[in-house]
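Peer 1: Structure provided below as structure tokens; questions to follow.
Read the figures in this text as sums done on the coordinates, not as results from a lab. This one's a predicted model, so the numbers in the text were calculated from it and none came from an experiment. Glycine gets a Cβ as well: all are built from the backbone with ideal geometry, and neighbour counts include every protein chain shown.
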Ligand SMILES: NC(=O)c1ccc[n+]([C@@H]2O[C@H](COP(=O)([O-])OP(=O)(O)OC[C@H]3O[C@@H](n4cnc5c(N)ncnc54)[C@H](OP(=O)(O)O)[C@@H]3O)[C@@H](O)[C@H]2O)c1
């Protein structure tokens, strides 16, 4: 029986033996993984249909490609061909995929069967992926239609796609499902919550989750007219502010009295200080954004004398997938907004 490492080290080619995600630039680990579709006995092989590229990654690729879908497709193809995984070398982030299970290794205790339609819940930045063709780039949704194969390691989690929610919509929501799950946990009834990037995908889900958890005030902070209008249409926040999350003093002034909890969900770098200055020193910041700099957050808080607690946006939380899909089932307004962009 050919058993691979449960965490996927057996597929790391450069440098051999390291974990498949941790870093993104040579000579750091996990530059390239083996994406051969011949599976080990404790892996799952998936026929991939669609990728949801992480928002920070898609934005970076799109900006570099001047927004041209063909150049975006070529850039994605290049990364996957070079690295055997969709691990953006600039942002370090990945995304998620949906597809159909083709094969389940005989040594695996899994409830997945060939033919099951699933979404992976581990990052594309560590998932062996082979792309045969890119059919369409959907810039509005950060998604890409592909033909290809992917491998899930023994430790790789996934969700079976629900029958009552369209696949692409489920993919979009599941991509960020750690954020609303953490929000539901972190928001204390009566607390005040600031959401930077509140009109985006995770922003809408988290605004709704925060309101639902009993926040006394949810403040949505957004950049563009369009995203702000989307947040207003959901109506989950009590207050809406238009501004640039990178303008730290501007964020602090606009928010006024400091909040108990800030969620940083923007998809570009430079929002650490705004979050720190707008949050009570005794409060908490949840940095879900993949564009967050640990250095900027840690030194920034020290520099302004704030002992605020800061949580790294771990994408996993027990029950996160079902909780997020349930929010879409519960709120017709939320679902309608997601359907407009992703269905
Ligand atoms: N931790 C994890 O496991 C994990 C998993 C998935 C995603 N992520 C990260 O989470 C973040 C959010 O993802 P998402 O899919 O929700 O992204 P999204 O839908 O693109 O939302 C990002 C939002 O941030 C807003 N924004 C951008 N620049 C801003 C600025 N300067 N000031 C204020 N708002 C600004 C955008 O508004 P405009 O439309 O106006 O630009 C957009 O509404 C991304 O950084 C993504 O990489 C993390």
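Peer 1: Give me the percent relative contact order of region 9-161, please, defined on Cα pairs under 8 angstrom at least 6 residues apart. Spell out each step's value before the answer.
Peer 2: Values: 370 pairs, mean separation 44.2, N = 153.
Relative contact order of region 9-161: 29 percent.
Peer 1: Rounded to the nearest Å, what's the spacing between the alpha carbon centres of region 127-181 and region 85-111? Just the number, please.
Peer 2: 9
Peer 1: How far, in degrees from 0 to 90, does helix 69-83 lean away from the longest principal axis of the Cα atoms of the chain, to the nearest 10?
Peer 2: The angle comes out near 60 degrees.
Peer 1: Using helices alone, what [θ] at 222 nm do you get for the chain, with -39,500 (n - 2.57) per DSSP H run of 4 or more residues, divided over all residues and rounded to the nearest 500?
Peer 2: Mean residue ellipticity at 222 nm (helix-derived): -9500 deg cm²/dmol.
Peer 1: Between region 223-297 and region 51-72, how many Å separate their Cα centres?
Peer 2: Measuring centre to centre over Cα atoms gives 23 Å.
Peer 1: With a cut-off of 8 Å between alpha carbons and a minimum separation of six or more residues, what is the relative contact order of region 178-336 in percent? Let's see the in-between values first.
Peer 2: Details: 356 pairs, mean separation 35.4, N = 159.
Relative CO of region 178-336 lands at 22 percent.
Peer 1: Roughly how compact is region 1-146, stated as its Cα Rg over 2.2 N^0.38 Å to two decimals? Show your work: numbers first, answer last.
Peer 2: Working: Rg = 15.0 Å, N = 146, 2.2 N^0.38 = 14.6 Å.
The reported ratio for this selection is 1.03.
Peer 1: Something else: If each residue's Cβ is checked for other Cβ atoms within 10 Å, how do 164, 47, 326 rank with the fewest at the top? Don't skip to the end; give the middle numbers.
Peer 2: Details: 164 8, 47 16, 326 13.
Placing the least packed residue first, the sequence is 164, 326, 47.
Peer 1: Right, next: Using the count of nearby Cβ atoms within 10 Å as a rough guide to exposure, how do 286, 342, 40, 7 rank from fewest to most? Can you show the working numbers first?
Peer 2: Numbers: 286 26, 342 22, 40 19, 7 16.
Lowest to highest Cβ neighbour count: 7, 40, 342, 286.
Peer 1: Note the angle between two axes, namely the Cα long axis of helix 55-64 and the longest principal axis of the Cα atoms of the chain, as a number of degrees from 0 to 90, rounded to the nearest 10.
Peer 2: Once rounded, one gets 80 degrees.
Peer 1: Angle, helix 320-330 long axis vs. longest principal axis of the chain, Cα atoms, 0 to 90°, nearest 10?
Peer 2: Once rounded, one gets 60 degrees.
Peer 1: Going highest first, how would you order 119-126, 65-72, 251-258, 8-15 by mean Cβ packing within 10 Å? Present the calculation step by step, with values, prior to reporting the outcome.
Peer 2: Numbers: 119-126: 23.8, 65-72: 13.8, 251-258: 16.4, 8-15: 19.5.
The peptides rank, most packed first, as 119-126, 8-15, 251-258, 65-72.
Peer 1: Pick from 38, 73, 271 the residue whose mean-square fluctuation is largest in a GNM of the chain, springs joining Cα atoms under 10 Å.
Peer 2: For the chain, modelled as a Gaussian network with Cα springs under 10 Å, the answer is 38.
Peer 1: May I pose another question? Based on a Kirkwood Rh over C-alpha pairs, give the Stokes-Einstein translational diffusion coefficient of the chain at 10 °C and viscosity 1.306 mPa s in µm²/s. Could you put the intermediate results ahead of the total?
Peer 2: Details: Rh = 20.4 Å.
For these conditions, the coefficient is 78 µm²/s.
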